[in-house]
Amino acid sequence: MRLRKTVQRTPIVLVVDDTPANLTLMRNILEPQSYKVLLATSGEKALELLTKVTPDLIMLDIMMPGIDGFETLTRLKKIPSAKDIPVIFVTAKTAVSDIVRGFELGAVDYITKPIQRLEALARTKVHLKIQHLIHIERIQSEQIKAIINNISDCVLVSNKNGAIESVNPATEHLFGYCENILCHKNIAELLDYQGRPTDFIDVLLNHDSGDAWWQHPNGKNVKGKTFPIEINVREMYTHDPCFVIVIQDISLHRHEIDQLHHLTETDPLTNINNRRHFEILFAQSWQHCKRSNQMISVLFLDVDHFKSFNDDYGHQAGDSCLQAIATALFTSLSRGVDSVSRYGGEEFVAILPDTDNAGARKVAQIMLEAIEQLNIPHKHSKYGHITISIGVATCDYDADHTRIKSAKALLKLADKALYDAKAMGRNRVEHL
């Protein structure tokens with residue numbers, strides 16, 4: 001849909017005054033400025049004229065026989081097509097009470113008599129300009145709304161607490177609620193979020209927060225059925241914070257997406273996380289650690305004397321060895337938030353969020369023993385079988401942030417601890 005260009009027409013000014021000389025004066029001031037000027041000699045005639053034409057500005061005298069300017073303005077505000085027309089009072093009444101009363105009734109400005117040409121022109125131009133900008137904004141808003149209402153994606157507007165303020169028809173269709181009901185809900189209720197609804201906008205704004213919801217974002221319709229979605233949120237910079245949320249139902253593409261994620265995040269040999277996915281998980285875990293002042297531990301693992309194992313037993317046996325080790329490491333983890341990845345070659349790395357150094361060393365020892373129990377023969381190892389060495393490093397961000405300033409620095413400490421484990425005889429756990 002293309003936005004229509006707004007054509008600027010000649011502004012129409014209605015002047016209402018019971019004195020013909022004043023009408024003539026205002027016409028002589030305004031017409032040379034290319035304004036179309038309409039004249040009315042009473043409030044009644046002005047109201048009758050407003051049923052036939054909609055001016056851009058009204059210049060209204062207060063003191064008139066019949067209905068005065070105050071009453072004329074009161075009645076004008078009840079006419080749907082005229083209630084938004086700006087009205088400037090033109091009057092000799094300068095009492096504060098009269099000025100205040102006019103503003104309370106909806107006037108936008110005052111011009112005092114006797115009329116000064118330059119003042120009248122300046123105020124007229126200002127309010128016609130404002131009215132023109134309001135008109136353009138209204139047209140653009142209607143055009144944008146028409147576009148949003150005709151797109152297939154769901155578009156919602158919410159406040160900073162997630163309360164829905166408006167939706168497009170696609171949202172009603174996907175979730176099965178009418179607009180009135182949707183506008184009494186929190187966005188979190190539609191998206192299968194189990195945490196505090198008022199926190200959900202922060203979750204949407206922080207895709208890398210590590211919040212579990214992002215692992216499988218789902219929508220939930222009126223029947224309670226869940227479905228996979230893609231979601232984007234943008235803040236609108238208005239007086240009160242509000243957010244535009246765009247939701248796409250990706251049910252038809254989920255299988256393809258899952259396959260793609262598996263290919264991009266999984267090591268093809270060992271079927272655990274690859275290095276790329278480790279780096280993403282590690283960055284998310286580190287950020288979560290910073291926000292919540294929690295501990296985070298990292299294990300750096302290396303298969304001892306793996307090159308000589310490959311040389312003696314062959315690369316096919318080496319691949320089988322790495323597969324068995326990866327499985328053993330993975331099954332050593334007891335929490336869903338923990339992860340292990342193949343870092344490269346015979347190196348592995350594990351992330352243990354919210355885990356102190358003692359707890360990390362305990363997990364490392366379990367892994368060490370799990371590899372021993374595989375009992376994979378290795379004639380070049382003094383232990384007679386495949387073993388691993390593990391370096392452990394921990395950061396309590398609240399206490400260690402001046403010493404360990406980044407996730408990269410923490411991983412470097414774990415690598416150093418691994419070097420110490422190898423230097424001290426291998427098949428052991430060392431920590432920093």
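Only the coordinates and a few stated rules stand behind these numbers; no lab work does. Values in this document were obtained by computation on a predicted structure and should not be read as measured data. For neighbour counting, all protein chains shown are included, and Cβ atoms are generated from backbone atoms with ideal geometry for every residue, glycine included.
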Report task. Starting from the Cα of Asn218, step 7 Å along the direction of its Cβ; do the same at Ser97; then give the gap between the two resulting points in nm. Result -> 6.9 nm
Query raised in the report: Which of the listed residues, Leu204, Ala163, His431, is farthest toward the dipole's positive end in the chain, when Lys, Arg count +1 and Asp, Glu count -1 at the beta-carbon?
Result: Ala163
Query raised in the report: Roughly speaking, what is the centre-to-centre gap between region 181-240 and region 294-318 when only Cα atoms are used, to the nearest Å?
Result: 42 Å
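Rank the residues Trp286, Trp214 as a footprinting-exposure proxy: fewest other Cβ atoms within 10 Å of their Cβ go first.
Going from least to most buried by this count: Trp214, Trp286.
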Report summary line: Nearest-0.05 FRET efficiency for Asn375 and Asn232 at R0 = 35 Å, using Cβ-Cβ distance, is 0.10
Query raised in the report: Quick one: Leu204, Leu49, fewest Cβ neighbours within 10 Å first, how do they rank?
Result: Leu49, Leu204
Report task. Starting from the Cα of Ala21, move 7 Å in the Cα-to-Cβ direction to define the label point; list residues of region 34-65 whose amide nitrogen is under 20 Å from there. Result -> 39-42, 60-65
Report task. Treat each spin label as a single point 7 Å out from the Cα along the C-beta direction, and report the Asp396 to Leu269 distance in nm. Result -> 3.9 nm
Query raised in the report: If one takes the longest principal axis of the Cα atoms in the chain, at what angle in degrees, from 0 to 90 and to the nearest 10, does the Cα axis of helix 254-265 lie?
Result: 50 degrees
Query raised in the report: Cross-link partners among lysines for Lys382, C-alpha distance below 25 Å, same-chain residues fewer than 8 apart left out?
Result: Lys307, Lys362, Lys416, Lys422
Query raised in the report: Once phi is turned into ³J(HN,Hα) by the Karplus curve 6.51 cos²θ - 1.76 cosθ + 1.60 with θ = phi - 60°, what whole-Hz value does each residue of region 32-49 show in order, with x for glycine and proline?
Result: x, 8, 6, 8, 8, 10, 10, 10, 9, 8, 7, x, 4, 5, 5, 5, 5, 5
Query raised in the report: Which ³J(HN,Hα) values, rounded to whole Hz and listed in residue order, are derived for region 72-85 from phi using the Karplus coefficients 6.51, -1.76 and 1.60 in 6.51 cos²θ - 1.76 cosθ + 1.60 with θ = phi - 60°, glycine and proline given as x?
Result: 4, 5, 4, 6, 4, 5, 8, 8, x, 7, 10, 5, 9, 6
Report summary line: Quick note on Cys289, Cys242, ordering by fewest other C-beta atoms within 10 Å, gives Cys242, Cys289
